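The values are calculated or read from the model by the stated rules, or taken from the named source; none is laboratory data. Predicted model only: the values in this text are computed from it and were never measured. Methodologically, a virtual Cβ is constructed for each residue, glycine included, from the backbone with ideal geometry; neighbour enumeration extends over all protein chains shown.
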Amino acid sequence: MINLIKSPFFREKETKVALADFVRTADRLSMDRECIRFEEGFAEKQGRRHAVFVNSGSSANLILLQALLNIGRLKKGDRVGFSALTWATNVMPIIELGLEPVPIDCELDTLNVSPTTLQDHIKDLDALFLTNVLGFADEIDELRELCGQHDILLLEDNCEGLGSKVKGVHLGNFGLASTFSFFIGHHLSTIEGGMVCTDDDKVWRMLLMVRAHGWDRNLQRRDQDGLRKEFGVTPFFGKI
């Protein structure tokens, strides 16, 4: 029998003891200091300005698309191309949020969309959501250039590509934003969990709000004031 999953815990015995101690002693388990430390450390390691932690890679895909809709970077009915070799939770948020999914063929040797397979759809797309299957990518720098030329939002599902690089650049850093998974079968595990990374401040602020179902309690006061002016919302300054 070949094991498909190897434990992704670093120093597994010590990690489990530390996890048990955290659960036993922490005043609050969810969205507290350890979460912020992890987000900041992950963003630094990935080379992105911001990281937003969620409960799964599937949720990461969902809140990213919802945030882009909320700030007007996407709108209902927009056509979103996606790698035909992907997971269901890359396609379902597109459908659920009223966007139009457009499957794009992948190359056999790279398992991903190439500039060639993109050409048949490029004039009709508003966004492209690549899946870096098993850490593979095609000519992603050229894909980024094509998307820029045609005003297409480039997004990356990098759940299986953590640590992979193309020409010295981390996968997950080629588009506006990228998603990650910390499921037990991936490179880094939080048992369950996911992340969205971006360099865009506006996207980051909206991701924090979408994660909290519209509450802005995770934002700084200046960001709350800015969102109130822009979207006409009433800030929530309370603590959980």
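Of the residues Val52, Val102, only one is in contact with a helix residue (DSSP H, G or I) (Cβ under 6 Å, 6 or more places away or on another chain) and either at pLDDT 95 or above or part of a loop (DSSP other than H, G, I, E, B) (or both); which?
Numbers: Val102 fails: in contact with a helix residue (DSSP H, G or I) (Cβ under 6 Å, 6 or more places away or on another chain).
Only one candidate passes the filter, namely Val52.
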**Prompt:** Any residue in segment 36-45 that is part of a strand (DSSP E or B), under 15 Å from the mean Cα position of the chain (by Cα) and under 23 Å from Arg217 (Cα atoms)?
**Reply:** no
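Suppose the filter is assigned to a loop (DSSP other than H, G, I, E, B) and without any contact (Cβ under 8 Å) to a residue 60 or more places away in the chain; does Glu160 pass it? I'd like the intermediate steps shown before the answer.
Numbers: assigned to a loop (DSSP other than H, G, I, E, B): yes; without any contact (Cβ under 8 Å) to a residue 60 or more places away in the chain: yes.
Answer is yes for this residue.
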**Sole exception among (1) outside any loop (DSSP other than H, G, I, E, B); (2) surrounded by 20 or more Cβ atoms within 10 Å (Cβ to Cβ) for Leu69, by number** = (2)
**Asked** Any idea which residue in segment 137-157 is nearest to Asp200 (Cα to Cα), counting only those that are acidic (Asp, Glu) and outside any strand (DSSP E or B)?
**Response** Asp151
**Positions within segment 163-179 being assigned to a loop (DSSP other than H, G, I, E, B) and within 14 Å of the chain's Cα centre (by Cα), in sequence order** = Leu171, Gly172, Asn173, Phe174, Gly175, Leu176
**Fill in**
Going through (1) crowded, with 16+ Cβ neighbours inside 10 Å; (2) in a loop (DSSP other than H, G, I, E, B); (3) not acidic (Asp, Glu) one by one, Lys75 fails only at (1)
**Request:** Can you give me the number of residues within segment 13-41 that are modelled with pLDDT under 90, acidic (Asp, Glu), surrounded by 11 or more Cβ atoms within 10 Å (Cβ to Cβ) and more than 16 Å from Glu192 (Cα to Cα)?
**Result:** 1
**Asked** Out of all the residues in segment 160-167, is one or more surrounded by fewer than 16 Cβ atoms within 10 Å (Cβ to Cβ), at pLDDT below 95 and within 23 Å of Gln66 (Cβ to Cβ)?
**Response** no
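Quick one: which residue in Asp78, Asp138, Asp126 is touching a Leu at 6+ places or on another chain (Cβ under 9 Å), modelled with pLDDT under 95, of a type outside the set (Val, Ile, Thr) and more than 19 Å from Arg211 (Cβ to Cβ)?
Selected residue: Asp138, the only one of Asp78, Asp138, Asp126 that is touching a Leu at 6+ places or on another chain (Cβ under 9 Å), modelled with pLDDT under 95, of a type outside the set (Val, Ile, Thr) and more than 19 Å from Arg211 (Cβ to Cβ).
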